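Everything on this sheet refers to the single structure shown next.
The values are calculated or read from the model by the stated rules, or taken from the named source; none is laboratory data. Everything numeric here is computed off the predicted structure, so don't read it as measured data. Note that each Cβ is placed from the backbone with ideal geometry, even for glycine, and that neighbours are counted across all protein chains shown.
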Amino acid sequence: MTRGRIRRVGALALLVALATTACAGGVASPEPARTPEPTTPASPLADTRWEVADLDGAPPAADSTLTAAFGADGALTGSGGCNRFTTRYSTTGTEIRIDAAVASTMIACDEAVMAQEAAFLTSLGAARTFALAADRLTLSDEAGKALVAFSAQSEELAGTWQVLGYHDGASAVVSPIEGTTPTFEFTDDSVSGTAGCNRLNSGYTLDGTAIKLGPFMSTRMACAEPAGVMEQEAALVAALESAATVSVEGDNLELRRADGATAARLKRG
């Protein structure tokens, strides 16, 4: 009798264990639904480019171009009329905050241009609201006073451009030789001009900001004056043909090589 009870109890324990195992290995409990992460709406300023039309109630100084380009990633870059700068920005509704910590190049220009640049950067840091109307952007301070007004910037490559500087093929960007005015005209698919002696022309391709110029064809004149003009021509052609990207900011055009170095800088007109 005792042995029979032990067998029955043992069999019952085995059935309970099997049932427990079957339940444990059955349908798994569903994972709780994941709450999607909220997405931040893009700023209305994202991917826009502007040129200063009015700074603290007055137009910019003659022959100076102040610009601002708002990236979709929160980067704000531009020119203060002398130096290039970069910082960060954010917007909420019509409110804006621009980081006062600005990184910039360290070029020295005329005193008036430098003062204007400082005023521009100060205005950017003091901006608290923005207003968009057609092709105009206005930044205002906390009291509602307009600090700086921008007009939409032209990114048109077609037109006539005067060379301000070009890479000399060694290690520096140099200015054209005194007495020469290297000038080039871009159409929809070609570029022509002079570096001080011969007529030059080439086709080019443009894909976004990627550009490919050359090879250039040239007339066959040999110029002795001014001294060094033929070397300038060769170096300038090489610089143009080395360009991998192009940016147009108002009246300023910059060509850069694939390594990021400046190939040439030009000004409209």
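I'd like the full set of residues that are surrounded by 22 or more Cβ atoms within 10 Å (Cβ to Cβ), small (G, A, S) and in contact (Cβ under 8 Å) with a residue 40 or more places away in the chain, limited to the range 232-265.
Within the range 232-265, A239, A263, A264 qualify.
Here is a list: A234, A261. Which entry is farther than 30 Å from F150 by Cβ and not assigned by TED's automatic domain parsing to the domain that holds A62?
Answer to the selection: A234.
Would you pick out the residues in the range 183-202 that are part of a strand (DSSP E or B), of a type outside the set (A, V, I, L, M, F, W, C) and under 19 Å from S247 (Cβ atoms)?
Result: E185, single match.
In the same structural domain as A53 (by TED's automatic domain parsing), hydroxyl-bearing (S, T, Y) and touching a Gly at 6+ places or on another chain (Cβ under 8 Å): is that true of S104 in this structure?
Yes: the conditions hold for S104.
Go through the range 59-94 and report how many residues are loosely packed, with under 14 Cβ neighbours inside 10 Å, free of Cβ contacts under 8 Å to residues at least 12 places away in the same chain and part of a strand (DSSP E or B).
Count: 1.
Only one of these conditions is not met by D56: (1) at negative phi; (2) surrounded by fewer than 19 Cβ atoms within 10 Å (Cβ to Cβ). Which number is it?
In the conditions (1) at negative phi; (2) surrounded by fewer than 19 Cβ atoms within 10 Å (Cβ to Cβ), D56 misses (1) alone.
Looking at the range 155-176 only, could you name the residues that are crowded, with 16+ Cβ neighbours inside 10 Å, of a type in the set (A, V, I, L, M, F, W, C) and farther than 24 Å from D207 by Cβ?
L164 - this is the single residue of the range 155-176 that is crowded, with 16+ Cβ neighbours inside 10 Å, of a type in the set (A, V, I, L, M, F, W, C) and farther than 24 Å from D207 by Cβ.
Please enumerate the residues belonging to the range 177-211 that are surrounded by 12 or more Cβ atoms within 10 Å (Cβ to Cβ), in contact (Cβ under 8 Å) with a residue 40 or more places away in the chain and out of contact with any Ser or Thr (no Cβ under 9 Å at 6 or more places or on another chain).
Listed by number, the residues that qualify are I177, L206.
Quick check: anything in the range 158-168 within 23 Å of the chain's Cα centre (by Cα), over 25 Å from A62 (Cβ atoms), in a strand (DSSP E or B) and in contact (Cβ under 8 Å) with a residue 40 or more places away in the chain?
yes
For the range 132-146, does any single residue satisfy the condition of being crowded, with 18+ Cβ neighbours inside 10 Å, in contact with a Phe, Trp or Tyr (Cβ under 9 Å, 6 or more places away or on another chain), modelled with pLDDT of 95 or more and farther than 15 Å from R49 by Cα?
Checking the range 132-146: at least one residue is crowded, with 18+ Cβ neighbours inside 10 Å, in contact with a Phe, Trp or Tyr (Cβ under 9 Å, 6 or more places away or on another chain), modelled with pLDDT of 95 or more and farther than 15 Å from R49 by Cα.
Of the residues L132, L147, only one is in contact with a helix residue (DSSP H, G or I) (Cβ under 8 Å, 6 or more places away or on another chain) and either in the same structural domain as F70 (by TED's automatic domain parsing) or basic (K, R) (or both); which? Please lay out each step first, then the result.
Working: L132 fails: in contact with a helix residue (DSSP H, G or I) (Cβ under 8 Å, 6 or more places away or on another chain).
Step by step, each of L132, L147 is checked, and only L147 is in contact with a helix residue (DSSP H, G or I) (Cβ under 8 Å, 6 or more places away or on another chain) and either in the same structural domain as F70 (by TED's automatic domain parsing) or basic (K, R) (or both).
Just one of R97, R49 is assigned to a strand (DSSP E or B) and at pLDDT below 95; which is it? Write out each step before concluding.
On the way: R97 fails: at pLDDT below 95.
Checking each option against the conditions leaves just R49.
Somewhere in the range 112-129, is a residue in a strand (DSSP E or B) and among the basic types (K, R)? First the steps, then the outcome.
Just the residues of the range 112-129 that are in a strand (DSSP E or B), to begin with: 129.
Restricting the remaining residues to those that are among the basic types (K, R) gives none.
The answer is no; no qualifying residue exists.
Name the one entry in A126, A152 that is under 17 Å from L76 (Cα atoms), surrounded by 14 or more Cβ atoms within 10 Å (Cβ to Cβ) and under 21 Å from the mean Cα position of the chain (by Cα).
Of the residues listed, the single one that is under 17 Å from L76 (Cα atoms), surrounded by 14 or more Cβ atoms within 10 Å (Cβ to Cβ) and under 21 Å from the mean Cα position of the chain (by Cα) is A152.
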